[in-house]
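Peer 1: Can you keep this structure in mind? I'll have questions shortly.
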Amino acid sequence: MATMACRGFNIFIFLLTLLNNDVNGYHAVVVIHGVLTGSDSMELISNRIQEMHPGTQIYNIPRYAGWSSLESMWHQVEEIGMDIMSIGVVFPEGINLIGYSQGGLLARAILQRFPNHNVRNFISLSSPQAGQYGTQFLHLFFPDLVCETAYELFYSRIGQHTSVGNYWNDPHHQELYYKYSNFLPYVNNEKNSTKMPTFKQGLTKLNRLVLIGGPDDGVITPWQSSHFGYYDANQTVIDMRDRSIYKDDLIGLRTLNENERLVLITVSNVTHNEWHKNVSIVDDFLLPYLD
C-alpha cells in the first residue's frame, strides 16, 4: 500500500507540472510527518493551512509511513529529497517546507543534501536537530532500551541502519558517536567531508529558518535539541549560541541569526504528540511564516 501511495504521489506531481497555471497567492507547502506515523497524521496542519490560506497547494509526503520510517535517514533523505526537488520544479517561484519530529530533521538534511532547492521558509516543529538522548518513544519498538546502554546498539553497523540510531547522540560516549554515526555528525558539519560547503549553503540560502520546541515536549530529549541546544558530558544543556555548531557557523546558523533570518520559538504546555494536532499551533506559529 505504501508503494502504491508513493507511486500515486509521483503521478500527482507530474500532472501538476502539466496543469500548474502559476496561480497568484501563497507559495506551495510541503509537509513531512514524524516517526512511526504517516501523512494522515499531518492532515490537521494541511487542512488548516488550506482553510486559512485558500488556494495554497499542499503536498503531504506519504513516503516512509509506519515502520518504514525507521529506515536509515540517508535513504529517506534521498527519496523524499527527490520529491521535494520535483515539487520545486512545478513552482519555480519557491515553496515552503514544514517537518515535524523526525520529519523536521529529515527536511533539514534534505535542504543540505540538495542545495539547489528553492525552499523559501523552513519550519522545524519539535525536531531533534542536535540529536536525541531519550528513550520514551523508543520503548514502542525497543521495550528494554535505556539511555545508558542504547549506544551499544546504535553505535554499530546494525544500529546505523535505523533512523533513530542515525541521530542518537550520547553525551557520555562522544568518541563512539563521532566514530560510528554516519548521519548527524555529517549534516551538522562536525566531521570533515567534501559536502561541508554545500551542506552550509543549503541552509544559508533560506529566507527564514524557524525552530519550534518547548519544555513540556516529553519526547525530544533534551527539548532544547529542537533549537540546536544539547547536553555536555555532564548532561548540562548548552544553549545553541554557546555550542561550536553556532560559534563556528558550521551550518550557517550564526549567519542566519545575524541576518535576522533565524527564528527560535518556545511554547510551553505542549506535549510532543500535540504539536501537529493543535490548531492554535498552526495559527500562531506556522501560518505567520508561510508567505
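Peer 1: Among (1) surrounded by fewer than 19 Cβ atoms within 10 Å (Cβ to Cβ); (2) out of contact with any strand residue (DSSP E or B) (no Cβ under 7 Å at 6 or more places or on another chain), where does Ser181 come up short?
Peer 2: It is condition (1) that Ser181 fails.
Peer 1: May I pose another question? Which one is modelled with the lowest pLDDT among residues in the stretch 115-144 that are out of contact with any strand residue (DSSP E or B) (no Cβ under 8 Å at 6 or more places or on another chain) and within 19 Å of Gln235 (Cα to Cα)? I'd like the intermediate steps shown before the answer.
Peer 2: Kept after step one, since they are out of contact with any strand residue (DSSP E or B) (no Cβ under 8 Å at 6 or more places or on another chain), are these residues of the stretch 115-144: 115-117, 128, 134-144.
Next, only the ones that are within 19 Å of Gln235 (Cα to Cα) stay: 128, 134-136.
On the way: Pro128: 98, Gly134: 92, Thr135: 88, Gln136: 83.
If we take residues in the stretch 115-144 being out of contact with any strand residue (DSSP E or B) (no Cβ under 8 Å at 6 or more places or on another chain) and within 19 Å of Gln235 (Cα to Cα), then Gln136 is modelled with the lowest pLDDT.
Peer 1: Does Asp217 satisfy the condition of being in a loop (DSSP other than H, G, I, E, B), acidic (Asp, Glu) and within 19 Å of the chain's Cα centre (by Cα)?
Peer 2: Values: in a loop (DSSP other than H, G, I, E, B): yes; acidic (Asp, Glu): yes; within 19 Å of the chain's Cα centre (by Cα): yes.
Against the criterion (in a loop (DSSP other than H, G, I, E, B), acidic (Asp, Glu) and within 19 Å of the chain's Cα centre (by Cα)), Asp217 qualifies.
Peer 1: List every residue pair whose Cβ atoms sit under 6 Å apart, with the two residues 6 or more apart in sequence or on different chains, where the first one lies in the stretch 130-151 and is farther than 16 Å from His272 by Cβ and the second, anywhere, is at pLDDT below 95 and in a strand (DSSP E or B).
Peer 2: none
Peer 1: Anything in the stretch 250-291 that is charged (D, E, K, R) and either in contact (Cβ under 8 Å) with a residue 60 or more places away in the chain or out of contact with any helix residue (DSSP H, G or I) (no Cβ under 6 Å at 6 or more places or on another chain) (or both)? List them, or say none. Even if it seems obvious, please write down each step before you answer.
Peer 2: Initial filter on the stretch 250-291 (charged (D, E, K, R)): 254, 258, 260-261, 274, 277, 283-284, 291.
Correct list: Glu258, Glu260, Arg261, Glu274, Lys277, Asp283, Asp284, Asp291.
Peer 1: Now a separate question. Being at pLDDT 95 or above, surrounded by fewer than 20 Cβ atoms within 10 Å (Cβ to Cβ), over 19 Å from the mean Cα position of the chain (by Cα) and farther than 20 Å from Gly131 by Cα: is that true of Ser268 here? First the steps, then the outcome.
Peer 2: Working: at pLDDT 95 or above: yes; surrounded by fewer than 20 Cβ atoms within 10 Å (Cβ to Cβ): yes; over 19 Å from the mean Cα position of the chain (by Cα): yes; farther than 20 Å from Gly131 by Cα: yes.
So Ser268 passes the test.
Peer 1: Select from the stretch 37-80 the residues that are touching a residue at least 40 places away in the same chain (Cβ under 8 Å), assigned to a loop (DSSP other than H, G, I, E, B), out of contact with any strand residue (DSSP E or B) (no Cβ under 7 Å at 6 or more places or on another chain) and crowded, with 19+ Cβ neighbours inside 10 Å and list them in ascending order.
Peer 2: Result: Pro62, Arg63, Ala65.
Peer 1: Only residues in the stretch 155-182 that are in a strand (DSSP E or B) count as the first member; pair them with residues that are small (Gly, Ala, Ser), Cβ under 9 angstrom, at least 6 apart or cross-chain, and list the lot.
Peer 2: Thr162/Ser72; Trp168/Gly131; Trp168/Ala150; Trp168/Gly159; Trp168/Ser181
Peer 1: Moving to a separate point now. Taking the stretch 137-153, which residues are assigned to a helix (DSSP H, G or I) and closer than 17 Å to Gly66 by Cα? Spell out the reasoning first.
Peer 2: Residues of the stretch 137-153 assigned to a helix (DSSP H, G or I): 137-140, 147-153.
Listed by number, the residues that qualify are Phe137, Leu138, His139, Leu140.
Peer 1: Residues Ile87, Ile123, Ile98: which one is part of a helix (DSSP H, G or I) and closer than 28 Å to Gly55 by Cα? Write out each step before concluding.
Peer 2: On the way: Ile123 fails: part of a helix (DSSP H, G or I); Ile98 fails: part of a helix (DSSP H, G or I).
Going through Ile87, Ile123, Ile98 in turn, the sole match is Ile87.
Peer 1: Looking at Tyr178, Tyr133, Tyr167, which one is under 15 Å from Ala107 (Cα atoms), touching a Pro at 6+ places or on another chain (Cβ under 7 Å) and among the aromatic types (Phe, Trp, Tyr)? Can you show your working first?
Peer 2: Numbers: Tyr178 fails: under 15 Å from Ala107 (Cα atoms); Tyr133 fails: under 15 Å from Ala107 (Cα atoms).
Checking each option against the conditions leaves just Tyr167.
Peer 1: Still on this structure: Starting from residues that are under 16 Å from Gln129 (Cα atoms) and without any contact (Cβ under 8 Å) to a residue 40 or more places away in the chain, keep the ones in the stretch 232-242 and report whichever is surrounded by the fewest Cβ atoms within 10 Å (Cβ to Cβ).
Peer 2: Let us first name the residues in the stretch 232-242 that are under 16 Å from Gln129 (Cα atoms), namely 232, 237-242.
Of the ones still in play, those that are also without any contact (Cβ under 8 Å) to a residue 40 or more places away in the chain are 237-239, 241-242.
Values: Val237: 15, Ile238: 19, Asp239: 13, Arg241: 15, Asp242: 11.
Filtering first and then ranking leaves Asp242.
The values are calculated or read from the model by the stated rules, or taken from the named source; none is laboratory data. Since the structure is predicted, the reported quantities are computational estimates derived from the model, not experimental observations. Reconstructed Cβ throughout: ideal geometry from the backbone, glycine too, with neighbour counts over all protein chains shown.
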